[in-house]
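Q: Could you have a look at this structure, given as structure tokens, before my questions?
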Amino acid sequence: MDSRLNFFGNPVAGKVLKHINSAGKVASESGLPFATQELVKLRASQINGCGFCTDMHTKDAAAGGETQLRLNLVAAWREATVFTEAERAALEIAEQGTRIADAAGGVSDEAWANAAKYYDEDQLVALISLIAIINAYNRINVINQQPAGSYQPGQFG
């Protein structure tokens, strides 16, 4: 499988990605736990069918110390006993925030209140931001048919 175009080598795309990456860096330095960040990015990527980002965030999470068991169970997190209540709240926000078109109203008040029990305001801002950023990346990669499987942890810095 080949991508439709060399998005990562295109100068216009480079300018766009520079700004998305800058936003991602701010969100990642927010104090939201690394594991939570990667689980959220992985779950949104699974929902969106983005193989490139699923590959990337599985590998980055593993390189950061995440266990294979937890990575295997992200898609079935509701039935899994390996996630903390805080992680479960973040995964719920990620799912509802990714599936906005599937349910009028977006993220429910109940899901938001639950997440607010575990995360402070800066962490909630980071959570919202990471969900928006990964959804943008998912769309870029899915539209471009970016092949998955060759990502190496830390490849993009």
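Q: Run the helix sum for the chain: -39,500 (n - 2.57) per DSSP H stretch of 4+ residues, divided by residue count, reported at 222 nm to the nearest 500 deg cm²/dmol.
A: Rounded to the nearest 500, it is -20000 deg cm²/dmol.
Q: Same structure again: Given the C-alpha centroids of region 1-29 and region 39-116, what is the distance between them in whole angstrom?
A: About 22 Å separates the Cα centre of region 1-29 from the one of region 39-116.
Q: Now for a separate question. Based on the Cα coordinates of region 1-86, what is the per residue volume of their convex hull in Å³? Write down the numbers at each step before the final one.
A: Values: hull volume 10.1 nm³, N = 86.
Convex hull of Cα atoms, per residue: 117 Å³.
Q: Now for a separate question. Keeping every protein chain present and rolling a 1.4 Å probe, give me the accessible area per residue for region 3-157 in Å². Walk me through the intermediate numbers first.
A: Numbers: 8160 Å² over 155 residues.
Dividing the accessible area of region 3-157 by its residue count gives 53 Å².
Q: Something else: Using the eigenvalues of the Cα gyration tensor, what equivalent ellipsoid semi-axes result for the chain when each is taken as the square root of five times the eigenvalue, whole Å, largest first?
A: Numbers: eigenvalues 125, 60, 49 Å².
With the √(5λ) rule applied to the chain, the semi-axes are 25, 17, 16 Å.
Q: What nm distance separates the two modelled labels at Val26 and Asn10, each placed 7 Å from Cα along Cα→Cβ?
A: The two pseudo-label positions are separated by 2.5 nm.
Q: Can you give the relative contact order of region 55-157 as a percent, counting alpha carbon pairs under 8 Å and 6+ residues apart?
A: Normalised by residue count, the contact order of region 55-157 is 36 percent.
Q: Now a separate question. In region 27-120, what percent of the accessible surface is made up of carbon and sulfur (1.4 Å probe, ligands and nucleic acids excluded)?
A: 54 percent
Q: Could you work out the relative contact order of region 1-118? I mean the mean sequence separation of Cα pairs under 8 Å and 6+ apart, divided by the number of residues, in percent. Walk me through the numbers before you get to the answer.
A: Values: 75 pairs, mean separation 23.6, N = 118.
After rounding, I find 20 percent.
The values are calculated or read from the model by the stated rules, or taken from the named source; none is laboratory data. From a predicted model like this one, the values you see are computed outputs, not experimental measurements. Note that we place each Cβ from the backbone using ideal geometry, even for glycine, and neighbour counts take in every protein chain shown. Surface accessibility is based on the protein's heavy atoms, side chains included, excluding ligands, DNA and RNA. Shrake-Rupley method; radii C 1.70, N 1.55, O 1.52, S 1.80 Å.
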